[in-house]
1. Taking amide H positions as placed in the peptide plane 1.01 Å from N, state which residues far from V75 in sequence (5 or more) or on other chains have amide H under 5 Å from it.
2. Consider a paramagnetic label point 7 Å from the Cα of D46 along Cα→Cβ; state which residues of the range 186-207 have an amide N under 20 Å from it.
3. With springs connecting C-alpha atoms under 10 Å apart, model the chain as a Gaussian network and identify which of I203, I160, I26 has the largest mean-square fluctuation.
4. In a Gaussian network model over the chain where Cα atoms closer than 10 Å are linked, find which of T169, T70, T81 has the largest mean-square fluctuation.
5. Return the single residue from L60, L43, L110 with maximal mean-square fluctuation; model: Gaussian network over the chain, springs between Cα atoms under 10 Å.
6. Test of the criteria: in the range 1-84, which GluC sites (Glu not before Pro) are in a DSSP loop and have at most 12 other Cβ atoms within 10 angstrom of their Cβ?
7. Taking the alpha-carbon centroid of each part, what is the distance from the range 1-55 to the range 172-215 in angstrom?
8. Would you kindly state the longest site-free stretch of the chain, with sites defined as chymotrypsin sites (Phe, Trp or Tyr not before Pro) in a DSSP loop (not H, G, I, E, B) surrounded by at most 16 other Cβ atoms within 10 Å?
Amino acid sequence: MLIADDQEMVRRGVRRILETQPDIEIVGEAADGATAVELARQLRPDVALVDIRMPRMDGLEVTRRLAGPTAADPVRVVVLTTFDLDEYVYPALRHGASGFLLKRSGPALLVEAVRAAVAGDSLISPSITVRLLSHLTPGRSSAARRTPPGGALTEREIEIAGQVAAGRTNADIAAQLFISAGTVKTHVASIQRKLGVQNRVGIAVHAWEMGYARR
């Protein structure tokens, strides 16, 4: 784990929570965004917890550099912040963040987020993902209306992308569509490749923008 926050008290609190877990190790801390990027590239943490408001480089730019589509060797990033404003949520997810966790969420969700990241899953619970993504207006981004870089989604992929945006797991989707969980996993991987996104949150953002998702 790498912790990036300009407040020492916050870093100390997060470290104290995570170090109580036998399977989590803190490998570095950063008090500003530029240092966070440098340390992430040197230390290669499994997960970087990144605050939005930091000196030298804000958390959105840190996220873009570490987890964005152009990152050569991506690091999983979860934004850990006090603010859930659209102007922060939307760019963070578009820049490749796997999740957006509020500091008031509590220790249990913080630990859950880290473990989910290591497992390659969403860093926040489905209910929180849906709540944050519901702020996005379908068709909001003109870029979203262009054909994805990896090719257009099939009808089945569009259907599954909508299910992902609704916060459903592979098992849930399999039961809903009467297919195997393995088939869903294959479709999800294909969708990620076509959209050029790193995780399920990236799929969900695209689905909300395109109108595939339903509240």
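Each reported figure results from applying straightforward, stated rules to the coordinates on display, with no laboratory input. As the structure is a computational prediction, the values presented were derived from the model and not from experiment. Cβ sites come from the backbone with ideal geometry, for glycine too, and all protein chains shown count toward neighbours.
1. A67
2. Inside the label zone: 198-201.
3. Greatest mean-square fluctuation among the candidates belongs to I26.
4. Among T169, T70, T81, the largest GNM mean-square fluctuation belongs to T70.
5. Ranking L60, L43, L110 by mean-square fluctuation puts L43 first.
6. Working: sites: E8, E19, E25, E29, E38, E61; in loops: E19, E25.
Filter output for the range 1-84: E19, E25.
7. For the range 1-55 versus the range 172-215, the Cα centre distance is 30 Å.
8. Details: sites that count: F83, F178.
The answer is 84-177.
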